Amino acid sequence: MKTQFKRTLSQILIFLSANLGPLGVKTGFCYPFFYCNSCPAATSACPLRALEVGVFQNSFKWKLLLFPLLIIGFFGVLTGRAICGWACPIGLLQRVTAPVARRLKKIPVIKHMGNMLLPIEPKLRYLKYLVLIGLVFFTTALIGFMFTNLCPIGFLTGTIPTLLLYPSEFVFNSLFFYPALVIFILFLILIFIVERGWCRYFCPLGALFAPFNKISMVHVARVDEDTFQKKCLHCNACSDVCPMGIDVTKMNRDPECILCGKCVEACPKNLIEFKKR
Amino acid sequence: MKKTSKKKKQFFAQLIFFILITGSLSGMLIGTDVYEEVHDSLVEVLCLSCLKLDPKTTKEFTFDTVNNAAHAEYVTDNLSSGIVFLHYSEDACPGCDIMLPIVQDLLSVEYEKKELFSANVNYEGQQINYFYTNLDHATPGRTEPFETYDIQNVKGLPMFTIVTLGYYSGVIKPKLVTLYGTLGVDTYEQRMQVLEEVIEDAFTLWNENIPGYEP
């Protein structure tokens, strides 16, 4: 079975398993990926909401703070950021929008804008760490909930399904609904113009998983250095297909790698592989 | 040789991390109530602010409870002296923080949000038996009506239930209305007004039916 087919299957199965609420499956776990606990079909809790409750107005509920971090840590140590590439439903959504983003990239105006942003693009990737520290932890500890109340993923997986399923039972909460709607529209624009734009620049869960790529037991890497140097055609096929925009030829346990395996499949000389340990 | 030693070190670090994380996670699941806490407060209780929506406010009183469950004894007992106002909240809940001062101003009561509070409030010459329950700090007996009175099956906080009396097939029985979230309106004044109207209706019903009430 080809890697990308396995990945699609895994993403679909995990998406379905995250939505077993109507069958009475309600667990006390946090999802290890991005999904909202206010989704009518949710089976588990949003890890970010749990973290926010853990620090809410300096309350420091250590159990709620540690539990999602350990769940993320567990998967992180085993597979690094593979959860982003193989499990996250928002990753699946961005796989669907990726072909549009790739096509739009060829339009001269967007290409020009992309070229202009190119020098600062690596720095923009640090935004997700700011989102995590600033909006998930600091503002929640000092003021109150911020990220999850405005979260575009919550809007997509919680608000919209609820409005579709119970159109006459809910009204908009003006304090959160309209700002969240604006952010959701911006999120949609982003994922349609930049491939995996949300994962690259804003996802606070991606920020939590990213450092684990440095120590994860499974990772994507070049075959041994000598063989790579001898056989690499410098065709750039690996970097061209990378949805995270990584220069795969120079990659060494890159925190941005989501272990999707596209580069592994693309290399004509099989010089990139999944590695254990 | 150097490469092998580096690989060994890396594997050792991975193993240590894995054992530490797996051990801590198992320890938390076995030794603490974190699983129940996440289940009860994040999965089972609907986060209205995450949803960015409020349930539509229905001001109509009903005799129905969820699954026709019996009313708690402290509710039926207190109905003899006035209407019963049940207010449910939790520690980390933006809607609860918005509604708390409104209720406190309306009923002229003061308490901290992290405690349980009850009082017999004199409201324009009549008695409101007010019970504030923070679900994060409540005893099971106190939380029971939260499920009994969640008639729209919202499971969201804050939740307000006002219990009064009504006449049904020759019997005077508790009749109630449940409101959720920030009541589906936008301002302090509008929220206050919704509560005032519901309390007024509750008193009208209570005054009509109290003569025949037997708890």
Losing no less than 30 Å² of accessible area (probe 1.4 Å) relative to the isolated chain, the residues of the stretch A:17-39 are A:Lys26, A:Thr27, A:Gly28, A:Phe29, A:Asn37, A:Ser38
Any chymotrypsin sites (Phe, Trp or Tyr not before Pro) in the stretch A:19-103 that lie in a DSSP loop and have at most 13 other Cβ atoms within 10 Å would be A:Phe60
So the angle from the long Cα axis of helix B:94-107 to the longest Cα principal axis of chain B, reported in degrees to the nearest 10, equals 30
Correct response: the longest run of chain B lacking exposed GluC sites (Glu not before Pro), defined by DSSP loop and at most 15 other Cβ within 10 Å, is B:125-215
Buried accessible surface, A vs B, both sides, probe 1.4 Å, in Å² to 100, equals 4400
Expressed in angstrom and ordered largest first, the alpha-carbon extents of the stretch A:1-138 along the principal axes are 50, 41, 30
What helix-only [θ] at 222 nm does chain A give? Using -39500 (n - 2.57) per DSSP H run of at least 4, over all residues, to the nearest 500, the answer is -13500 deg cm²/dmol
For chain B, longest principal axis from Cα atoms; helix B:2-31 axis from its Cα atoms; angle between them, nearest 10 degrees, is 20
Sequence order, the stretch B:119-131: Karplus ³J(HN,Hα) from phi using 6.51 cos²θ - 1.76 cosθ + 1.60, θ = phi - 60°, Hz rounded, Gly and Pro as x, gives 7, 8, 9, 8, 10, 6, x, 10, 9, 10, 8, 9, 10
accessible surface per residue for the stretch A:1-140, probe 1.4 Å, DNA/RNA/ligands not counted, whole Å² -> 47
With every protein chain in place, the accessible area of B:Leu20 for a 1.4 Å probe, in Å² rounded to the nearest 10, comes to 110
Classified through the alpha carbon gyration tensor (a ≥ b ≥ c as square roots of its eigenvalues; rounded if a/c is under 1.5, else prolate when a/b is larger than b/c, else oblate), the stretch B:133-194 comes out oblate
Counting every C-alpha pair in the stretch A:79-128, the percent lying more than 19 Å apart is 49
At q = 0.20 1/Å the base-10 log of I(q)/I(0) from the Debye formula over the alpha-carbon atoms of the stretch B:41-134 is -1.26
Semi-axes in Å, largest first, for the protein assembly as shown (Cα gyration tensor, √(5λ)) are 53, 23, 18
Length-normalised contact order of the stretch B:1-130, Cα under 8 Å, at least 6 apart, in percent, tallies to 20
With all protein chains present and a 1.4 Å probe, the order of A:Val241, A:Val96, B:Val194 from largest accessible area down is A:Val96, A:Val241, B:Val194
Expressed as a percent, the accessible surface of the stretch A:32-145 that is carbon or sulfur, using a 1.4 Å probe and the full set of protein chains, is 77
Taking only C-alpha positions in chain A, Rg and Dmax in angstrom work out to 19.4, 66
If one compares the long axis through the Cα atoms of helix B:188-209 with the longest principal axis of the Cα atoms of chain B, the angle in degrees, nearest 10, works out at 50
So, for the Cα atoms of chain B, Rg and Dmax in Å stand at 23.3, 94
Both in Å, the radius of gyration and Dmax of the C-alpha trace of the stretch A:182-268 are 14.8, 51
Taking every residue of A:166-179, the Cβ atoms of other protein chains inside 10 Å of its Cβ average out to 6
Check: C-alpha center the stretch A:210-252 vs C-alpha center the stretch B:169-215, spacing in Å is 66
By accessible area (1.4 Å), largest first, B:Met28, A:Met116, A:Met146 order as A:Met116, A:Met146, B:Met28
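The values are calculated or read from the model by the stated rules, or taken from the named source; none is laboratory data. Predicted model only: the values in this text are computed from it and were never measured. As a convention, Cβ positions derive from the backbone with ideal geometry for all residues, glycine included, and neighbour counts pool all protein chains shown. In case anyone asks, the SASA skips ligands and DNA or RNA and just uses the protein heavy atoms, side chains included. Shrake-Rupley method; radii C 1.70, N 1.55, O 1.52, S 1.80 Å.
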